[in-house]
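Some notes on the structure that comes next.
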């Protein structure tokens with residue numbers, strides 16, 4: 001399946017080229033435009049329990065499935081947030097953990113499930129007790145808030161990442177949640193509080209903007225009620 005990421009950066013859009021019989025699944029409401037030969041339908045993909053699990057991780061219960069039924073076709077897809085789109089090729093040898101709202105679309109062979117984190121990570125990672133778990137073989141398209149940047153870690157190399165900037169990381173990478181600074185007072189007054197310490201080997205995808213910080217900034221312009 002061929003695809004193009006258009007307008008990379010803040011306002012990215014995905015164009016997927018479908019051969020007859022090919023299909024792509026996307027988050028509900030992602031379709032911008034499609035050829036007349038494309039059939040659009042809603043699907044739970046994996047059954048009721050898997051759909052409920054996705055809701056726990058912040059995703060929607062349904063997907064939309066777009067299939068080329070009459071000749072060569074094109075589909076345009078866009079995420080809800082202002083940000084970038086990154087294509088990741090999965091070969092089935094590992095799973096990809098993704099922040100909530102990070103899944104945009106996937107080709108045939110991609111499964112979207114839910115992963116339950118342990119108590120500490122669930123409380124303090126910023127992602128909650130459930131995160132998105134993507135597996136299978138094919139192409140998955142991730143969306144972000146802002147631009148996507150890849151941090152490549154060599155074996156044993158570490159990087160501390162603000163949890164509000166996480167996009168995705170492979171399941172074989174280990175990480176732990178810790179204070180951003182040496183003490184709680186410094187952590188809180190720095191505006192960072194808790195962070196995630198990742199240890200390589202592997203690649204962690206981060207986003208250039210923090211949705212929580214952006215929401216706080218927007219609220220500062222909203223007049224308070226008397």
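How far is it, in nm, from the label point at residue 171 to the one at residue 213 when both lie 7 Å from their Cα along the line to the Cβ?
Between residue 171 and residue 213, the label points sit 3.2 nm apart.
What is the distance in Å between the Cα centres of the range 7-23 and the range 58-109?
Between the Cα centre of the range 7-23 and that of the range 58-109, the gap is 9 Å.
Sort 219, 25, 176 so the one with the fewest other Cβ atoms within 10 Å of its own Cβ comes first.
219, 176, 25
Less than 13 Å from a label point 7 Å out along the Cα-to-Cβ axis of residue 82: which backbone N atoms in the range 137-161 qualify, by residue?
Answer for this model: 145-147.
So between residue 199 and residue 33, what do we pick up on full extension, going 0.36 nm a residue minus the alpha carbon distance?
55.6 nm
Read-outs: derived from the displayed coordinates by stated rules, not from any lab. Everything numeric in this text was worked out from a predicted model, so none of it was measured. Counting neighbours? That spans all protein chains shown, and the Cβs are built from the backbone with ideal geometry, glycine included.
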